[in-house]
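Shown next, in structure tokens, is the structure this report addresses.
The values are calculated or read from the model by the stated rules, or taken from the named source; none is laboratory data. In this text the structure is predicted, and so the values were computed from the model without any measurement. Here the Cβ positions follow ideal geometry from the backbone for every residue, glycine too, while neighbour counts run over all protein chains shown. Surface areas here come from the heavy atoms of the whole protein model, side chains and all, with no ligands, DNA or RNA. Shrake-Rupley method; radii C 1.70, N 1.55, O 1.52, S 1.80 Å.
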There are 2 protein chains.
Amino acid sequence: MTHTRTTRLERGRSALGPALELVHTGRAPTRAVLTSELGVTRATAGAVAAELEALGLIVVDSRPTSSAGSQGRPSHRLFLDENGPVVLAGQIHADGYRVALVGLGGRIVATVSGCGTIPADPAHVLAEAVAAGSGLLERTGRRCLGAALAIPSAVAEPDGEALNPLHLAWPSGAPVRRLFRRALAEAGIPGVTTAVGFTGNDVNLAALAEHRHGAGRGARDLLCIASGHRGVGGALVLDGRLHSGSSGLALEVGHLTVNPEGAPCHCGSRGCLDVEADPLAFLGAAGRTPGPEGSLLRQATDLLREEYQDPSVRAAADLLIDRLGLGIAGLVNILNPDRIILGGLHRELLGADPERLRAVVAERSLWGRSGGVPILPCTLDHNSLVGAAELAWQPVLDDPLVVLEGEDREAGPV
Amino acid sequence: MTHTRTTRLERGRSALGPALELVHTGRAPTRAVLTSELGVTRATAGAVAAELEALGLIVVDSRPTSSAGSQGRPSHRLFLDENGPVVLAGQIHADGYRVALVGLGGRIVATVSGCGTIPADPAHVLAEAVAAGSGLLERTGRRCLGAALAIPSAVAEPDGEALNPLHLAWPSGAPVRRLFRRALAEAGIPGVTTAVGFTGNDVNLAALAEHRHGAGRGARDLLCIASGHRGVGGALVLDGRLHSGSSGLALEVGHLTVNPEGAPCHCGSRGCLDVEADPLAFLGAAGRTPGPEGSLLRQATDLLREEYQDPSVRAAADLLIDRLGLGIAGLVNILNPDRIILGGLHRELLGADPERLRAVVAERSLWGRSGGVPILPCTLDHNSLVGAAELAWQPVLDDPLVVLEGEDREAGPV
DNA sequence: TTGCTTTGTACCGGCAGTAAACAAAATACG
DNA sequence: CGTATTTTGTTTACTGCCGGTACAAAGCAA
């Protein structure tokens, strides 16, 4: 091939991507702070902002602003364009699927969800979800720049197979990414050309979303632990990037030993976090049997919130907090994050007795003893969905000029 | 302050750093591959190489090369300048210290070591080591661009205190980095101005060295486990950069549980890797009592190598391999590295029965079951020392123009 | 009103790096 | 043996990002 590999695309206005990311994460409300955050001159920041505006991604409000008491000429404000392009984000969970159009800044523009039992055939669900998303796009008339999907199982890289999707009745190794991309192609969504459909683990994506727009903002190394239905998931964001390991299987934290005399786990060991600190374990520890109504998470959460006075419930909560703390302490010794956020049942456990959890972690971790890690609850609604959107937005954040590609195509093929 | 924050220094020939790193790690033997590796034009690669040569870091050999059978005009060869500047690297270990001058490419130019019991006062040892290094510099007449130190304990960031330096009889929390810098300042080493003396954990630095020059070359996510004297150390290199956590305490892998019924550990738990898979544990498992002669590692290594036929030794090795494998499997589930390298006793254990270790890891890790991680022995001599040198070289690799700063100063102060 | 401070813009210049043409040094093939 | 081909290195414009500076704008303070 005669393609001489150049760096052309990687260069072009190199400050453009970082600038968009700053506005996207709410860290650049004005051109002035854009100037200082980027470390460029005012001239450059102005040019960059103008270019982002020309791309239809941000809006500069140059009306006389209410002076905020500070001296000097007031800044013009930078906003993300509320009518700008969106990405298609989907999430598959134990009870159904949810699809949303998400703009920059993690703003959910429109959403639709399908409930009911997920059939054993992933292709069918994906087609249904993509069709729903396509419908949203038609209804809203938004331009779509990409698509991504969050699923509740490990996603093996580089091909994106779902590994052990236990609560979906899908076969392990199902080529979810390929099926998703095929569904996108068959739906023929205009504009979904630059980004061909990403897929990721739901907890990973939740962590990404929380890092950019939620409880993880500003953290450099963010650890996220969550339990939604069965088992425990983990995720790690390093320097703003998801660490999913060389084959996408990092942070499979479910098999940390937290109870040497505990229940046997399907991994062959016993007392794994997976079987000792998920909703089912909590219900069991409280002496309840899971009912047919509502998800395990819902049942566990309701029990925790409504019957915390009940000594058996309280004891079960304490037990799970201790186990979770042990697992977190192990992770802290290995990863030494500067913040930890908890989702799902673990978020509720943290809410029930924050001090107990922090004490366990501090006692059992080297760093805990010498200071301690902030442990916070997740704050974002639909964080997996927003995280999927982050995945889909990433190419644009890396180089905002890619939005031009679709326009070229629309303008007229040669 | 009127210092308007510019990006000046970050720009200036942005391909210079990556180019030097390529030559430094042996991945750019000619300008031609430099061209393709950097993704720039031949013109740029040529200019960059010329500039690195002008800086006195590399040498271009333009003599007629022995044609290697390939077609076309033969490339000129790129070499690191063997007479170029060096950095001062030091290592403190249980039996003494070692100091070396290290050039680019991890080449040890000169070395000196001091044996004997390390006194309880860190400042004294550091002064002695720095004096030895200063002597080396005077003897060789080399220009020195920086200094760094490897110590066998966790190094707390951002200030560089030694945490729990168990085998050094130093107080925990000793401000090693500050003491090291003070020793450097008092020794008045000319040139050590740009880099003010780094400090790091020895296993971390060994991993860094192996990643750049040894068994870890080419790995993206490299996990290193090693046991030298007491306890077990770990390190992780991500995308070519050491991951030492937000406060420098990452990869404290010693407290992974690998034997629920095991010996109590000072961390409060029992059966930790620290007490179940270090040289002392091996000697104990083989029914030997450590003697006064030689380090624990040496005794364990000798036993393993010379008496492997002895059933009790063999059984002890198998036991430690199983425990180590369990620990590694846990780490693989969490970090999903694409390569693992083992040092110290663990390197010997791997050599004794590679298949057993790989089988345990494969059986107990999610990723292991679906493919497996390469597990290799460390290959570099004095890898901690070379790793310390990497730390000291880093500013130059980031921006080779910093070597001019010292020259300016030497040329003549205003 | 006159400063002072901060923000935004216009214009110039430096310079890294592309592109293209040319030169050099080897092999391949008649 | 000589010419074509291939690969590498170099020279010469030329493009475009961005720094620097000067100037204008828009608010406070006195």
Checklist entry - Relative contact order for chain A: what is it in percent, counting Cα pairs under 8 Å that are at least 6 residues apart? => result 16 percent
Item to check | 30 Å tail of the calculated P(r), chain B, as % of Cα pairs | outcome: 46 percent
Checklist outcome for this item: Net charge (Lys, Arg +1; Asp, Glu -1) of residues whose beta-carbon lies under 9 Å from that of B:I375, B:I375 excluded, is +2
Next on the checklist: Please give the charge dipole size of the protein assembly as shown, origin at the Cα centre, charges +1 on K and R Cβ atoms and -1 on D and E Cβ atoms. Round to the nearest 20 debye.
Outcome noted: 1600 debye
Checklist outcome for this item: Once amide hydrogens are built 1.01 Å from N within the peptide plane, the residues lying 5 or more places from A:L55 or on another chain with amide H under 5 Å from its amide H are none
Checklist entry - What is the spin-label model distance, in nm, from B:E293 to A:S295 if the labels are put 7 Å beyond Cα along the C-beta direction? => result 6.6 nm
Checklist outcome for this item: Computed over region A:12-80, the Cα gyration tensor eigenvalues, each multiplied by 5 and square-rooted, give semi-axes in Å (largest first) of 19, 13, 11
Checklist entry - What is the extension gain from A:A43 to A:A359, computed as 0.36 nm multiplied by their sequence separation minus the C-alpha to C-alpha distance, in nm to one decimal? => result 108.7 nm
Next on the checklist: Just to check I understand the Karplus step: with θ = phi - 60° and J = 6.51 cos²θ - 1.76 cosθ + 1.60, what whole-Hz values come out for region B:387-395, glycine and proline as x?
Outcome noted: x, 4, 4, 4, 4, 6, 6, 3, x
Item to check | For B:S172, inter-copy label distances in nm, listed shortest first [label point 7 Å out on the Cα-Cβ vector] | outcome: 4.1
Item to check | For the protein assembly as shown, diffusion coefficient by Stokes-Einstein and Kirkwood Rh (Cα), 4 °C, 1.567 mPa s, µm²/s | outcome: 45 µm²/s
Checklist outcome for this item: Of the residues A:L380, B:G46, B:A226, the Cα lying farthest along the dipole of the protein assembly as shown towards its positive end, which is defined by charges on the beta carbon of Lys, Arg, Asp and Glu, belongs to B:G46
Next on the checklist: I need the inter-copy label distances for B:T111: point set 7 Å along Cα to C-beta, values in nm with one decimal, smallest first.
Outcome noted: 6.0
Next on the checklist: Just to be sure I understand: if you take the accessible area of chain A alone plus chain B alone and subtract the pair, with a 1.4 Å probe, what total do you get in Å², rounded to 100?
Outcome noted: 3100 Å²
Checklist entry - Counting Lys and Arg as +1 and Asp and Glu as -1, each charge on the Cβ, what is the dipole of region A:217-377 about the Cα centre in debye, to the nearest 20? => result 380 debye
Item to check | Derived scalar couplings ³J(HN,Hα) [region B:289-304; Karplus, 6.51 cos²θ - 1.76 cosθ + 1.60; whole Hz; x for Gly, Pro] | outcome: 9, x, x, x, 8, x, 5, 4, 4, 4, 4, 5, 5, 4, 4, 5
Checklist outcome for this item: Counting only protein heavy atoms and rolling a 1.4 Å probe, one gets per residue an accessible area for the protein assembly as shown in Å² of 43 Å²
Checklist outcome for this item: Among residues of region A:305-346, a drop of 30 Å² or more in 1.4 Å probe accessible area, assembly relative to the chain on its own, occurs for A:N333, A:I334, A:L335, A:N336
Item to check | Of A:S75, A:T30, A:L20, farthest towards positive along the dipole that unit charges on Lys, Arg, Asp, Glu beta carbons give region A:12-80 | outcome: A:S75
Item to check | From phi via Karplus (6.51, -1.76, 1.60), per-residue ³J(HN,Hα) for region A:166-181 in Hz, x at Gly/Pro | outcome: 4, 8, 10, 6, 8, x, 5, x, 4, x, 4, 5, 5, 5, 4, 5
Next on the checklist: Give me the percent of accessible area attributable to carbon and sulfur for region A:96-147, probe 1.4 angstrom.
Outcome noted: 52 percent
Item to check | Per the axis that maps chain B onto chain A, nearest residue of B (Cβ criterion) and its distance in Å | outcome: B:P260, 2
Checklist entry - Using a 1.4 Å probe on the protein chains only, how many percent of the accessible area of region B:218-377 belongs to carbon and sulfur? => result 49 percent
Checklist entry - Roughly how big is chain B's charge dipole about its Cα centre, with Cβ charges of +1 (Lys, Arg) and -1 (Asp, Glu), in debye to the nearest 20? => result 960 debye
Next on the checklist: Quick check on region B:90-156: take the gyration tensor over C-alpha atoms, sort the square-rooted eigenvalues as a ≥ b ≥ c, and tell me if it's rounded (a/c under 1.5), prolate or oblate.
Outcome noted: prolate
Next on the checklist: Taking only Cα atoms of region B:192-237, what ratio of Rg to Rh do you get with Rh as the Kirkwood inverse-distance radius?
Outcome noted: 1.06
Checklist entry - Out of every Cα-Cα pair in region B:218-377, what percent are more than 29 Å apart? => result 14 percent
Item to check | Drop in accessible area of at least 50 Å² in the complex versus isolated chain, residues of region A:220-250, 1.4 Å probe | outcome: A:H243, A:S246, A:L249
Checklist entry - When each copy gets a label point 7 Å from Cα toward the beta-carbon at B:R356, what are the spacings between them in nm, shortest first? => result 4.3
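Using only DSSP helix segments of four residues or longer, with each worth -39500 (n - 2.57), what per-residue ellipticity at 222 nm results for the protein assembly as shown after dividing by its residue count and rounding to 500?
Result for the protein assembly as shown: -12500 deg cm²/dmol, rounded to the nearest 500.
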